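Structure, as structure tokens:
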């Protein structure tokens, strides 16, 4: 009998190795989430759409989940990270542009005059973006982003920006992927600012990273083709732009969407309007001690109308202070 | 001994089931391709980039292959299928637009006057597209496309357009996917004209289908959100637009690209300019008997400059007559 049993055990081992993924549910996939209705709601939804034979089952290719980035996956205070990058670029490029010393909004950046910079509004910010994010090839811009993101530190947490990502959300991304979801980033941030590091930090590959774009142009340079970044906005992937981009890039409606601000409201509405089981979640920043507390009055990541709609429609609103055991990864990502 | 052997056989079976994909190479994956240097070149490339430990090995996530659609994956004569769709839509919508009887290019379509239609040029064609492809929600347009593509037949081959796809290219798509490639369509055709049927016919899901786009707008209608198709071009995914779209949508450079016309030249150049092993292929339509023969003078799918470049740079040029054993699937797709 022993001889017969041993091969049977080996068979079970084979099955285990090749069906390994199904073992993932054996331990808590969301250890940084405190127990409570929000964690339960996430697990219930995943269970509902992945249970074969259930009326709420969703085939794997339709399990699309979209995540905002700033304030949903990583810190967006005291300013968007991409804005910190743009300010650093203004300073680095200033010697080549002496006129900036007299010209707003560049002067404000060089003088560290955040009040005047803020007063320059969206127009001023777009001026900064175009001046610092264009005029080079896509390959050169990627190098510039990688160099900066590899060393720049968050002013309060004194760690790389890529280490100021939310551990509970990293777990959520991994949990969804382990359950057959395709996870996308759909961010107002520039797509070519996120792609150089997004796969390593979030496990989201470039082709699943959607964001705002500036125009590029195919050109021959030194005998080879390049894509030049032109000083002209192509698309702003925010607010009503998010469903437009989701339709254009993915061509399927998400069944789950995750955001934290009014910029995500239409993405959640678009997701909610599909048939079958749906999941909409907003991260509410309520933890001034461990991170930041802000909503209706914030200059970055304003959460006002979307919060009212979430409450009215019973979308999940994460209370960061109450729901999250930890905020950042213990071992900093990419460090 | 027999008792011991039986479980061992079962083990082998488990291994076979779970390692099943690796068996695909046991039989010819390209049975519709005649033996010869072009078939060999395809197989050699796939072997080079998938051989672990080889200096030409490419990790799976970087195995991106992009395919043009019209003339590369399906018939584009006597006119682009999407143009045939637009003409059918003009006829269907004519009762609601009595003015079309006197207005070009609509009058030409209704009179069956192809000469006047052709003389209206690109401007006329865009007028037709915008008049027939916009003014409805994305969901309604999808239904219109599905209804038409499910019944309309090719005027010469008397089968569904989706059955006028090239069997050797279907095998090539499947062969690349079996070897860990992510296959994309990058077409000048409208993305929302291709997505409703592309997955069933080509095995390419919506999120890997890139094409020309018209602008859409997020609106609330009857209490729910919709995306309205606006009468305004967003992006033409042709010629120098293809590398731009590849960079925007995929964010990685393909290692293999497949086309058939000058509209694909820049996509192949962009692919060729990457480092490491690369594969560029043009389908040359040389078979007037089984399909069509055309190149430098054709109104649709003109192949002139790209053919010269392909010859100069040793890109693979498929001679349809010589290289393909069969042209269309024996059992029509979708019928």
| query | Does segment B:32-137 classify as rounded, prolate or oblate by the C-alpha gyration tensor (a ≥ b ≥ c root eigenvalues; a/c under 1.5 gives rounded; else a/b over b/c gives prolate, otherwise oblate)? | reply | prolate
| field | Position residue A:215, label points 7 Å along Cα→Cβ, spacing to each other copy in nm (shortest first, one decimal) | value | 1.4
| If you build the Cα gyration tensor of segment A:227-335 and take the root of 5 times each eigenvalue, what three semi-axes come out, in whole angstrom, biggest first? | 25, 21, 15
| What is the log10 of I(q)/I(0) for segment A:197-237, computed with the Debye formula using one identical point scatterer on each Cα and no solvent, at q = 0.14, 0.22, 0.29 Å⁻¹? | -0.49, -0.83, -0.89
| task | Shielding by partners for B:215-221, please: the mean number of other protein chain Cβ atoms within 10 Å of each residue's Cβ. | result | 4
| note | At 25 °C and 0.890 mPa s, the Stokes-Einstein diffusion coefficient in µm²/s for segment A:188-289, with hydrodynamic radius from the Kirkwood sum on alpha carbon pairs, is 157
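Over all directions, average the projected area of the Cα convex hull of segment A:99-187 and note it in nm².
Dividing the Cα hull surface by four gives the mean projection, 8.4 nm².
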| Nm distances between the label at residue B:311 and the same-position labels in the remaining copies, 7 Å along Cα→Cβ, shortest first? | 7.3
| Distances from residue B:231 to the same residue in each other copy, label points 7 Å out along Cα→Cβ, in nm, shortest first? | 3.6
| field | Distance between segment B:56-113 and segment A:163-195 - C-alpha centres, whole angstrom | value | 37
| query | Going by how many other Cβ atoms sit within 10 Å of their own, how do B:115, B:39, B:91 line up, fewest first? | reply | B:115, B:91, B:39
| query | Under 18 Å from a point 7 Å along the Cα-to-Cβ line of residue A:233: which residues of segment B:204-242 have their amide N that close? | reply | B:215-218, B:234-235
| request: In nm, give the distance between the simple-model label positions of residue A:156 and residue A:126, each being 7 Å from the Cα along the Cα-to-Cβ direction. | output: 3.0
| note | FRET efficiency for residue B:312 and residue B:91 from the Cβ-Cβ distance with R0 = 41 Å, rounded to 0.05, comes out at 0.35
| Cα pair distances in the protein assembly as shown, grouped into 10 Å bins until the bin that holds the longest one, percent each | 3, 13, 22, 24, 20, 12, 5, 1, 0, 0
| Descending principal axes extents, chain A, alpha-carbon based, whole Å | 87, 54, 38
| query | Taking the Cα atoms only, what angle lies between the long axis of helix A:37-50 and the longest principal axis of chain A, rounded to 10 degrees? | reply | 70
| segment A:135-254 - percent relative contact order, Cα under 8 Å, separation 6 or more | 24
| query | When only Cα pairs under 8 Å and 6 or more residues apart are kept, what is the percent relative contact order across chain B? | reply | 22
| What is the calculated FRET efficiency for residue B:57 to residue A:52, with r their C-beta to C-beta distance and R₀ = 35 Å, to the nearest 0.05? | 0.45
| said: Could you list B:320, A:194, B:280 so that the one with the fewest beta carbons within 10 Å of its beta carbon is first and the one with the most is last? | reply: B:320, B:280, A:194
| request: Could you state, as a whole-number percent, how many of the C-alpha pairs of segment B:280-319 are farther apart than 12 Å? | output: 56
| field | Per residue convex hull volume, Cα atoms of segment A:160-211, in Å³ | value | 74
| message | What is the angle, in °, between the Cα long axis of helix A:167-178 and the longest principal axis of the Cα atoms in chain A? Nearest 10 is fine, range 0 to 90. | response | 50
| request: Take the alpha carbon atoms of segment A:58-114, find their radius of gyration, then divide it by 2.2 N^0.38 Å using N residues; give the quotient. | output: 1.79
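Read-outs: derived from the displayed coordinates by stated rules, not from any lab. Computed from a predicted model, the values in this text were never measured in an experiment. Neighbour counts are summed over all protein chains in view; Cβ atoms, including those assigned to glycine, are modelled from backbone coordinates with ideal geometry.
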